[in-house]
1. Need the C-alpha centroid separation for the range 102-128 versus the range 460-539, integer Å.
2. As a quick test, which of the pairs LYS465/LYS622; LYS107/LYS156; LYS465/LYS565; LYS511/LYS537; LYS73/LYS249 have an alpha carbon distance above 20 angstrom in this structure?
3. Would you kindly derive the ³J(HN,Hα) couplings of the range 357-369 from the backbone phi angles with the Karplus curve 6.51 cos²θ - 1.76 cosθ + 1.60 (θ = phi - 60°), listing them in order in whole Hz, with x for Gly and Pro?
4. Name the residues whose placed amide hydrogens come within less than 5 Å of the amide hydrogen of GLY501, ignoring near sequence neighbours (fewer than 5 apart) on the same chain.
5. Convex hull volume of the Cα atoms in the chain, per residue, in Å³?
6. What is the range 467-656's relative contact order, in percent, from Cα pairs under 8 angstrom and six or more apart in sequence?
7. Where the centre of each part is set by its Cα atoms, how far does the range 592-633 sit from the range 18-62, in angstrom?
8. If each of ILE433 and THR626 carries a label point 7 Å out from its Cα toward its Cβ, how far apart are those two points in nm?
Amino acid sequence: MITSYLKTSIRNILRNKLFSAINIIGLAISMSVGLLLIALVLDLRSYDRFHANSDRIFRISNVMTSGNGQSGKFATSSVKAATLIREKVAGIEQVAIIRNNFSGDAKVGDHTLPVSGLWAEPSLFKIFSFQMIEGDPATALKDPYSLVLTQTAAVKLFGRQAAVGKAVSIDTNVYQVTGIMKDVPFFSHLRFEALVSLSSVVRGDNEAWTNMWAHSVYVMPDKHADMNAIRSQLGELAREENLADRNMKIELTMQPLRHIVVGERLRQSEGGPGFTGPHMPPVVLWILSGLAFLVILSACFNYTNLSIARATRRIKEIGLRKTIGAGTRQVRMQFLVEAVLISLAALLLSFLLFLVLRPMLINIAPEMQRTVRLELSVTTVIAFLLFSIIIGVLAGFAPALFFSKVSPMHAFGRFSTAKVFKHLTLRRTLIVIQYTVTLIFITTTAIGYVQYKNILAFDLGFNTKNILNINMQHHQPDAMMKELSEIPEITALSRSLITTGVGNAWGGQMKYKDWRDSALVLTNHVDENYLPLHDYKLIAGSNFIGRPATASAVREVIVNEQVLKRFNISANAIGEQVTLNGRKLTIVGVMQDFHYGKVDNIIGPVAYTSWTPEDRAIISAKIASTNMPATMAKIQSAWKKTDPVHPLTAEFYNEEIEEAYSEFAAMIRIIGFLSFLAITIASMGLFGMVVFTTETRVKEIGIRKVMGASMGSLVYLLSRGFLVLLSVSAMIALPVTYVFFRMMVLPNFPYHTPVQATELLAGLLTVVLIAVVMIGSQTWKAAGSNPVVVLKRD
């Protein structure tokens with residue numbers, strides 16, 4: 001029986017080459033998206049699975065609430081929290097504290113190389129399954145200034161020589177190599193090339209309950225521990241400690257290890273991606289899954305439409321099968337097997353497309369490169385095969401159900417297609433749904449692209465053109481500033497703590513006079529050249545007058561208009577005193593409001609204070625050059641004189657802004673790519689339907705041509721039905737897309753531009769143009785046939 005199904009299916013596929021090709025290519029295009037999504041999900045689910053106890057490892061996260069009601073959830077915790085968990089919480093087998101942001105220049109012999117990693121406790125090796133090659137994991141991180149290197153770091157520093165027991169000078173300290181471990185697997189949210197004993201760090205105020213900014217705490221409960229009891233103990237512990245501080249309350253929560261990469265995004269105060277690790281919000285996966293499903297569904301609709309359209313040709317075959325004894329189940333199986341064979345054929349082509357599209361997806365955003373690899377494995381291949389079979393069953397389900405219900409009487413008599421609604425056949429319903437989805441894709445891409453371009457060109461309230469931001473990487477900027485000042489193309493220089501307008505934030509609590517409550521104010525430390533270089537607009541007062549040498553000597557502050565509104569300070573605010581982080585400052589200037597953060601944030605209170613040599617430095621260089629590569633070569637040379645070890649880290653301001661919205665840009669590119677696939681698949685389906693319709697009406701076209709019908713009237717005759725369906729799709733898709741952006745997307749961007757009619761109609765015009773070209777080409781071909789020859793055919 002199975003052999004019969006296979007033989008019959010292969011014969012039908014080969015007999016109808018055009019329709020089989022349309023189905024195979026359409027399914028292959030859509031399935032390639034599904035394969036990418038499967039590989040992406042499998043990669044994300046692989047994170048931290050190599051740890052033997054991954055199912056019972058948790059990270060302690062802190063929910064911080066300040067006195068004025070502002071709150072945030074952090075991936076970091078205090079050292080004191082870890083100590084109290086060790087001492088007071090029953091059911092916890094191991095606790096490990098990790099401190100982020102260990103970095104420095106490692107000197108071995110005559111070689112100096114940068115090295116980075118984490119401070120950690122010996123218990124890290126008891127919780128996590130990082131494999132030690134040399135050294136004892138129980139004692140390798142016990143003594144101060146102990147250093148464990150990964151294999152790659154050891155080779156980088158010592159070559160092929162033995163490293164254990166050797167000394168490494170990092171900045172002003174000397175560390176002893178006590179162990180060599182295997183390189184950290186790619187699918188680990190913790191990434192480092194070196195581990196340093198946490199006992200090397202001078203604790204000081206690190207022991208405070210509220211100092212939760214630089215450490216991460218991991219716990220491993222007992223195998224049979226009561227998790228509810230542990231959470232209850234953590235809550236009680238937090239309540240006791242919070243009694244000592246009225247301005248900040250901290251709640252301790254437990255985040256499962258497997259939910260760190262795909263889970264709730266937590267904030268961090270110090271460190272980069274290596275601390276909290278790569279992250280993919282679950283909502284993004286749901287969105288991508290939904291979009292991929294719609295594209296695949298479109299291809300399945302093609303299969304259903306073309307299969308049912310050919311019903312008149314296969315209906316007698318079904319009637320004959322049933323007459324000689326085939327049951328409903330056998331007929332269904334025949335069509336399902338045929339659909340699965342087409343899907344498996346499509347899998348081969350989709351796999352080739354997968355290999356082509358994989359690097360494009362990985363390179364679509366920097367974060368994607370750090371997060372996934374999309375490499376093949378046995379699990380991936382099995383998942384691809386199962387996916388192909390499921391798609392085949394999904395595509396063939398409707399035709400199988402449709403044909404299995406045909407009775408022999410109807411098969412050899414007059415037959416009409418099944419009705420879904422009163423005046424719509426199943427085929428027309430599927431075409432409307434398919435083109436509705438396609439129009440939503442295209443319109444969403446058009447609106448999103450326009451909004452993205454408007455964001456990049458948005459007036460931030462200060463100038464970013466031709467400004468290069470150079471990260472001094474903890475070096476004092478004076479030497480570099482001197483080198484840069486000698487480059488003729490650099491017209492101005494300034495120093496700042498951070499780069500604003502790209503999502504970076506630095507802040508503090510500000511109070512005015514005897515007000516009881518304080519407000520969170522975003523800050524930056526800038527020198528006296530910063531405001532004029534970036535063309536900030538001062539509406540009152542002046543720039544900084546003094547240049548303090550230490551942070552304690554800072555006495556001046558420049559605020560924006562929102563600070564005056566927040567504290568109800570009069571417009572004549574010059575000379576007024578405020579307290580910022582406990583330090584009294586005098587307002588010397590008022591800036592016009594500007595965008596400190598991204599444009600999806602409301603403008604809030606901002607205060608700029610003087611940059612001092614105690615601060616880290618970003619040098620902003622304004623460039624006027626007709627030969628930018630040559631100018632950058634001069635800047636590169638100036639950097640090498642300042643720091644021969646580390647590479648220059650510099651970016652133009654506009655490029656930083658573009659990178660700040662890279663996730664938004666990546667989403668637009670993905671939706672744009674999917675919209676291209678959707679319109680391609682829908683157009684292929686339409687082409688198949690037009691070919692079929694033209695073939696079935698070729699004699700009618702011949703008679704009309706003999707009777708004097710024009711080419712235009714013939715095109716209108718054949719396209720009228722399709723254009724009506726496209727109009728129905730447009731009446732559904734365009735309002736839905738407009739409402740979606742108006743009510744759900746654009747409110748997240750307070751400074752967006754309204755959706756224009758041209759953005760809504762661009763997709764519709766594209767689809768209509770493609771449809772008219774397809775219908776016109778087939779009508780022209782049919783009309784060009786000799787009516788005498790056509791009418792002689794059986």
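Coordinate-derived values only; no laboratory data. Computed from a predicted model, the values in this text were never measured in an experiment. With ideal geometry, Cβ positions are generated from the backbone for all residues, glycine too; neighbour counts draw on all protein chains shown.
1. Centre-to-centre (Cα) distance: 32 Å.
2. On the way: LYS465/LYS622 8 Å; LYS107/LYS156 11 Å; LYS465/LYS565 30 Å; LYS511/LYS537 24 Å; LYS73/LYS249 12 Å.
Beyond 20 Å: LYS465/LYS565; LYS511/LYS537.
3. 7, 4, x, 5, 5, 4, 8, 5, 7, x, 5, 5, 5
4. GLY597
5. On the way: hull volume 187.4 nm³, N = 794.
For the chain, the hull spanned by Cα atoms encloses 236 Å³ per residue.
6. Numbers: 380 pairs, mean separation 71.3, N = 190.
38 percent.
7. 40 Å
8. Result: 6.4 nm between the two label points.
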